[in-house]
Amino acid sequence: MKILIIEDEPALLVTVKQFLEGEKYVVETANNFKTATERIGTYDYDCILLDIMLPDGSGIELLKEIKLLNKKDAVIILSAKNSVEDKVLGLDLGADDYLAKPFSLMELHARIKSAIRRNYQKGETTIAFKNVELFPDDRKVFVGKAELVLNRKEFDLLYYFMIRPEKVLQKTVLAESVWGDNIDQADSLDFIYSQIKNLRRKLKESHAEIDFQAVYGIGYKLI
């Protein structure tokens with residue numbers, strides 16, 4: 001799962017980034033309005049942590065832009081401003097949640113999981129497709145009643161497919177979502193093929209009723 005932190009306070013930005021990376025998220029950052037606008041327009045995220053007050057613009061304007069672009073990214077506003085008016089405005093504009101500074105990192109993590117669950121899992125704590133069930137919070141996968149052991153990237157890749165079953169996913173989108181936005185500078189995306197190959201083998205050996213179908217010249221879809 002990939003998170004974008006938009007925050008101009010250096011110490012807080014580093015603290016939140018390190019914490020979320022420790023929780024196995026892929027984390028990208030922006031410390032100003034301009035950089036945030038570029039990232040939002042170019043990449044997709046599972047959740048955006050949005051500071052309202054930025055040195056060169058307003059987080060509220062960024063929120064409006066996210067909605068104008070019809071982005072599906074969950075948005076949690078982080079702000080030192082804790083007035084009822086600010087909360088109402090942010091939520092009315094489409095934010096999924098609002099957390100006032102200072103906040104507990106554990107509470108932030110709980111809010112992120114809740115926002116993602118509402119956005120991508122229809123409020124459920126697990127994701128099921130055929131005889132495969134994935135538990136995002138515990139980072140576990142079961143085929144029937146047997147646990148399927150996956151490494152970190154295999155789990156992240158399967159999760160990304162499981163919340164988008166039977167949808168064609170471009171290789172570049174898969175790479176950015178699981179390995180981070182800087183992957184667009186890579187010379188080749190051949191490693192995606194290797195990861196899919198390993199994942200397919202493990203699923204087949206576990207008698208999973210799901211598989212990956214290659215779509216020539218584009219990417220893959222979960223069937």
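Computed quantities for the displayed model
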| item | result |
| --- | --- |
| Estimated dipole of the range 2-120 in Debye, rounded to 20 [Cβ of Lys and Arg +1, of Asp and Glu -1, Cα centre] | 360 |
| The chain - charge dipole about Cα centre, Lys and Arg +1 at Cβ, Asp and Glu -1, debye rounded to 20 | 880 |
| Helix axis angle, 190-205 relative to the chain longest principal axis, alpha carbon, degrees | 60 |
| Virtual spin-label span in nm between I223 and R139, 7 Å along Cα→Cβ | 3.2 |
| Projected label distance in nm at K167 and E21, using a 7 Å step from Cα toward the beta-carbon | 2.8 |
| Principal axes of the range 127-222: Cα extent on each, largest first, Å | 40, 27, 20 |
| Backbone N under 16 Å from the A80 label point (7 Å along Cα→Cβ), restricted to the range 33-71 | 51-59 |
| Virtual paramagnetic centre 7 Å along Cα→Cβ of Q121, amide N under 16 Å, in the range 7-43 | 23-26 |
| Listed residue pairs exceeding 19 Å between alpha carbons, taken from K171/K204; K64/K87; K113/K204; K34/K67 | K171/K204; K113/K204 |
| Extreme residue, positive dipole direction of the chain, given options T37, L20, N131 (C-beta unit charges) | N131 |
| Shape call, the range 1-78: gyration tensor on alpha carbons, a/c limit 1.5 | oblate |
| For the range 113-223, size of Cβ-based charge dipole, Lys and Arg +1, Asp and Glu -1, in debye | 300 |
| Acute angle (nearest 10 degrees) that the helix 33-42 long axis makes with the longest principal axis of the chain, alpha-carbon atoms | 30 |
| Options A95, I76, V141, ranked by Cα towards positive dipole end of the range 76-150, top entry (Cβ charges) | V141 |
| Average projection area in nm² (convex hull over Cα atoms of the chain, one quarter of hull surface) | 12.4 |
| Value at 222 nm in deg cm²/dmol, rounded to 500, when DSSP H runs of n ≥ 4 in the chain each add -39,500 (n - 2.57) | -13000 deg cm²/dmol |
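We did not get these values from a lab; they are worked out from the coordinates using the rules stated. What you see is a predicted model, and the numbers here were worked out from it, not measured in a lab. Cβ coordinates were reconstructed from backbone atoms using ideal geometry, including for glycine residues, and neighbour counts include every protein chain displayed.
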